[in-house]
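S.K.: Provided herewith is a single structure, encoded as structure tokens, for subsequent inquiry.
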Amino acid sequence: MSTESVAVEDLTLEDAAAELERLAKALAHHDALYHGKDAPEISDAEYDALKRRNEEIEARFPELIRADSPSRKVGAAPSAIFQQITHARPMLSLDNVFSDEDVRDFISSVYRFLGLLPDNSIAFTAEPKIDGLSMSLRYENGRLVSAATRGDGTTGENVTANIRTIKEIPQTLPSDAPAVVEVRGEVYMAKSDFLALNEQMAAEGKQTYVNPRNTAAGSLRQLDPTITASRKLKFFAYAWGEISEMPADTQFGMVEVFKRWSFPVNPLMQRLSSIEAILDHYNDIGLKRPDLNYDIDGVVYKVDRLDLQQRLGFRSRSPRWATAHKFPAEQAFTTVENIDIQVGRTGALTPVARLTPVTVGGVVVTNATLHNADYIEGIGNSGERIREEEHDIRIGDTVIVQRAGDVIPQVLDVVMEKRPATAERYPFPKICPVCGSHAVRERNEKSGKLDSVTRCTGGFVCRAQAVEHLKHFVSRNAFDIEGLGSKQIDFFFEAEDPALSIKTAPDIFTLEKRQSGSPLTKLENIDGFGKVSVRKLYDAINDRRQVALHRLIYALGIRHVGETTAKLLARSYGSYAAFSEAMKAAADTSSEAWSDLNTIDGIGEVVARAIIEFYKEPRNIDVVSRLLEQVTPLDAEAPVSSSSPVAGKTVVFTGSLEKMTRDEAKAMAERLGAKVAGSVSKKTDLLVAGPGAGSKLEKARELGVETTDEDGWFVLIGG
Ligand code: IVH
């Protein structure tokens, strides 16, 4: 790991999981203080930063979202009372980049995806990234009909009444506007209005607010719109959702149209083509930042032409055609008071530095991940030095910590002059602090190098692993069982009474039946559970007796099988029976099942091995078969675009494609509901062969697989 790598993008899965766990605990603690005792320990800004950090990590690792995730809980305001609105088109987030180099990579990736030479022919817009709240405003027949917050990106809160009080937002559109228009942008509070509000609060002897973003959020969440009205919120339009008829064909053009429709748009937006001009503009905006009357935290770049945006499309949560270039990190000095070890679901031992609290860029930092044993020593993931020799991190050391945006703090370096004489090298544990099993660093079979992660070998014996496994099982993208959060899982796992104990996933589904014994051990008579909440819990459990196949596969907690891979597997095998049979057969790596598994585009050998290893373990087979006595996995859904002629078909692209890049071809085929495979087999339905196609074309002919060229492909899909 390099020293600038402080972005969410750079977190390993293990780090991310460990951090999400800590965030869940910390936020629950602060919630309790705030709501229960009205005695918060941290400022709103700090709280907000923790929450946002949690969201960012979850956006990057959706498979790690915990059942007790703070993002699933209602925040400071009683937001449950706002109605939910499902966005006509999802509200996505942006990828972040931090250096000039990253910006070059982003721009090259755009050219590469489109199969163009980097010749400055593609224009990008560059505009400030406003630090506010994103909002979707829906107009039908020229009238504002609803306004929704981003929420989880799919559904947000209906805050229409409050939005109507914002003077800058038009209630009606000109008569030439399309019948349906969703204008999206950022609601924010001007710095001057924020300061004035705080002066007034102070004068009235009331508690002052911490920052404009938070105050804007709080102001929008008021049930009484007159309060929102008094807060003078503002808006910048920069994006859109559903539109019945596009009024322009570039990003820049769209924003000009918004301006014509009387929406405020940001005056610093420019259309630029060269990387130099883009970086100059970034620096320029950085220089202007202190004088702007609103907070910004970076510059957003977007491909200008909308047809190119369409071709580039989206990754799971963010567009390929845009990125946010964040302003640099902030640093501070503090001391390492202790180093703790956390054990995750896969047994990874993650060291965490407990720091003397220090404010970095307005946020109090108390913990920093130390990633793994090498990181403590000053060695990066590829074996490179990331700090000078001797600069290993020790308890008692004074260190430099860094935060970039709201990402997790990193320990950058050690101040050697301040190292106490007594400070000793940190002895990385050789046994698991939770279960006492040996903790080892595995050796990568191919490279022969030691893995950077130290793992507990206790498996199911290790309480930490077993508990984390259960928490994963009930988490949002797995079985999603409401009411079974981290605390409840801890309780049931520890429970000794057989009527209450949950040690493995199937036990969740037998809990209700096991309640017939003594009233003393009945769940509803136990402190913290009431009759109503117990009924709700059973209902939530029973609701999941039928479950989507990909959720089941994801819930199994197979190493390297995240949500995306689980979906791929579900789509490829269709039913759980077909999947598990194939995985058992694939244990023989000379079998057809093994080669089929490896043919799935997006499944590499590491993942394939992890899956067959899972199915070789009798204990796993036993747990799954007990689980299947309780739940019924639903067969994978039909492909999204079932009307397309390639929906459900397995397609292979080969040879040099001339009209589209390989990535683009793959994205296009998948959008149309096809599966894209990397090699030809009996299961291939169509081979698209460009010039120079060789062995794959031959094999397809041998097997009698239909083949076509690029033109044929476009004719077939009607493009
Ligand atoms: S474009 C598909 N432009 O940043 C992406 N977003 O990290 C649409 N934001 O949720 C977003 N200023 O709330 C865009 N000029 C800008 C922005 C901006 C702030 C926020 C927005 C979004 C978040 C993504």
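S.K.: Residues of the range 538-558 being more than 13 Å from residue 473 (Cα to Cα) and open to solvent by 10 Å² or more (accessible area, probe 1.4 Å), which ones? Let's see the steps before the verdict.
M.R.: As a first pass, look at the range 538-558 and keep what is more than 13 Å from residue 473 (Cα to Cα): 538-540, 542-543, 545-546, 548-549.
538, 539, 540, 542, 543, 545, 546, 548, listed by residue number.
S.K.: For the range 653-682, enumerate the residues that are surrounded by 18 or more Cβ atoms within 10 Å (Cβ to Cβ) and among the small types (Gly, Ala, Ser).
M.R.: Selection gives 665, 667, 669, 673, 674, 677.
S.K.: Scan the range 49-102 residue by residue and report those that are within 15 Å of the ligand (Cβ to nearest atom), in contact with a Gly (Cβ under 9 Å, 6 or more places away or on another chain) and either part of a helix (DSSP H, G or I) or at pLDDT below 80 (or both).
M.R.: Within the range 49-102, 49, 51, 52, 53, 56, 59 meet the criteria.
S.K.: Can you say whether residue 607 is open to solvent by less than 20 Å² (accessible area, probe 1.4 Å) and not small (Gly, Ala, Ser), as far as the supplied structure shows? I'd like the intermediate steps shown before the answer.
M.R.: Values: open to solvent by less than 20 Å² (accessible area, probe 1.4 Å): no; not small (Gly, Ala, Ser): yes.
Considered against the rule, which asks whether it is open to solvent by less than 20 Å² (accessible area, probe 1.4 Å) and not small (Gly, Ala, Ser), residue 607 comes out as no.
For (1) within 23 Å of residue 330 (Cα to Cα); (2) open to solvent by less than 40 Å² (accessible area, probe 1.4 Å); (3) in contact with a Phe, Trp or Tyr (Cβ under 9 Å, 6 or more places away or on another chain), each residue gets a yes or a no:
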{"site": "380", "(1), (2), (3)": "yes, yes, no"}
{"site": "410", "(1), (2), (3)": "yes, yes, no"}
{"site": "428", "(1), (2), (3)": "no, yes, no"}
{"site": "434", "(1), (2), (3)": "no, no, no"}
{"site": "447", "(1), (2), (3)": "no, no, no"}
{"site": "460", "(1), (2), (3)": "no, no, no"}
{"site": "465", "(1), (2), (3)": "no, yes, no"}
{"site": "472", "(1), (2), (3)": "no, yes, yes"}
{"site": "479", "(1), (2), (3)": "no, yes, yes"}
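S.K.: Here's a check for you: in the range 218-239, which residue that is part of a helix (DSSP H, G or I) and buried (at least 22 other Cβ atoms within 10 Å of the Cβ) is nearest to the ligand (Cβ to nearest atom)?
M.R.: Across the range 218-239, the extreme among qualifying residues is 220.
S.K.: Counting residues that are of a type in the set (S, T, N, Q), over 30 Å from residue 556 (Cα atoms) and in contact (Cβ under 8 Å) with a residue 24 or more places away in the chain, which helices (runs of 4 or more DSSP H) fully inside the range 240-347 reach at least 1?
M.R.: Numbers: elements: 251-260, 275-288, 306-312.
Once the helices (runs of 4 or more DSSP H) in the range 240-347 are filtered for at least 1 residues that are of a type in the set (S, T, N, Q), over 30 Å from residue 556 (Cα atoms) and in contact (Cβ under 8 Å) with a residue 24 or more places away in the chain, what remains is 251-260, 306-312.
S.K.: Got a sec? Which helices (runs of 4 or more DSSP H) wholly within the range 525-628 have at least 1 residues that are under 22 Å from the mean Cα position of the chain (by Cα)? Please lay out each step first, then the result.
M.R.: On the way: elements: 531-543, 549-555, 563-573, 576-585, 592-599, 605-616, 618-628.
So the answer is 549-555, 563-573, 605-616.
Listed here are the residues, each with its yes/no results for (1) in contact with a Phe, Trp or Tyr (Cβ under 7 Å, 6 or more places away or on another chain); (2) open to solvent by 20 Å² or more (accessible area, probe 1.4 Å); (3) aliphatic (A, V, I, L, M).
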site: 138; (1), (2), (3): no, yes, no
site: 150; (1), (2), (3): no, yes, no
site: 154; (1), (2), (3): no, yes, no
site: 158; (1), (2), (3): yes, yes, no
site: 166; (1), (2), (3): yes, no, yes
site: 169; (1), (2), (3): yes, no, yes
site: 181; (1), (2), (3): yes, no, yes
site: 192; (1), (2), (3): no, yes, no
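S.K.: Also, I was wondering about something else. In the range 255-295, how many residues are of a type in the set (Val, Ile, Thr), within 12 Å of the ligand (Cβ to nearest atom) and in contact with a helix residue (DSSP H, G or I) (Cβ under 9 Å, 6 or more places away or on another chain)?
M.R.: Restricting attention to the range 255-295, the residues satisfying the condition of being of a type in the set (Val, Ile, Thr) are 255, 257, 265, 275, 278, 285.
Going one step further and asking which of them are within 12 Å of the ligand (Cβ to nearest atom), we end up with 255, 265, 285.
Imposing the further condition that a residue be in contact with a helix residue (DSSP H, G or I) (Cβ under 9 Å, 6 or more places away or on another chain) reduces the set to 265.
So the answer is 1.
S.K.: Residue under question is residue 643, and the condition is that it be more than 21 Å from residue 113 (Cα to Cα) and not in a helix (DSSP H, G or I); does it hold? Walk me through it before giving the result.
M.R.: Working: more than 21 Å from residue 113 (Cα to Cα): yes; not in a helix (DSSP H, G or I): yes.
Answer is yes for this residue.
S.K.: Out of contact with any Asp or Glu (no Cβ under 6 Å at 6 or more places or on another chain), open to solvent by less than 60 Å² (accessible area, probe 1.4 Å) and at positive phi: is that true of residue 313 in this structure?
M.R.: On the way: out of contact with any Asp or Glu (no Cβ under 6 Å at 6 or more places or on another chain): yes; open to solvent by less than 60 Å² (accessible area, probe 1.4 Å): yes; at positive phi: yes.
When the stated conditions are applied, residue 313 passes them.
S.K.: Select from the range 325-360 the residues that are open to solvent by 40 Å² or more (accessible area, probe 1.4 Å) and within 22 Å of residue 414 (Cα to Cα) and list them in ascending order.
M.R.: Looking only at the range 325-360, we keep the residues that are open to solvent by 40 Å² or more (accessible area, probe 1.4 Å), and these are 328, 330-331, 333, 335, 337-338, 340, 345, 354, 356-357, 359.
Within the range 325-360, 328, 330, 331, 333, 335, 337, 338, 340, 354, 356, 357, 359 meet the criteria.
S.K.: For the range 269-328, name all the residues that are within 20 Å of residue 91 (Cβ to Cβ) and of a type in the set (Phe, Trp, Tyr).
M.R.: 301, 314, 321
S.K.: Quick check on residue 616: is it within 25 Å of residue 473 (Cα to Cα) and loosely packed, with under 15 Cβ neighbours inside 10 Å? Before you say what the answer is, go through the steps one by one.
M.R.: On the way: within 25 Å of residue 473 (Cα to Cα): yes; loosely packed, with under 15 Cβ neighbours inside 10 Å: yes.
Spelling it out, residue 616 is indeed within 25 Å of residue 473 (Cα to Cα) and loosely packed, with under 15 Cβ neighbours inside 10 Å.
The values are calculated or read from the model by the stated rules, or taken from the named source; none is laboratory data. This is a predicted model, so every value here is computed, not measured. All Cβ positions, glycine included, derive from the backbone under ideal geometry; neighbour counts span all protein chains shown. Note: accessible area is taken over every heavy atom of the protein model, side chains too, but ligands, DNA and RNA are not part of it. Shrake-Rupley method; radii C 1.70, N 1.55, O 1.52, S 1.80 Å.
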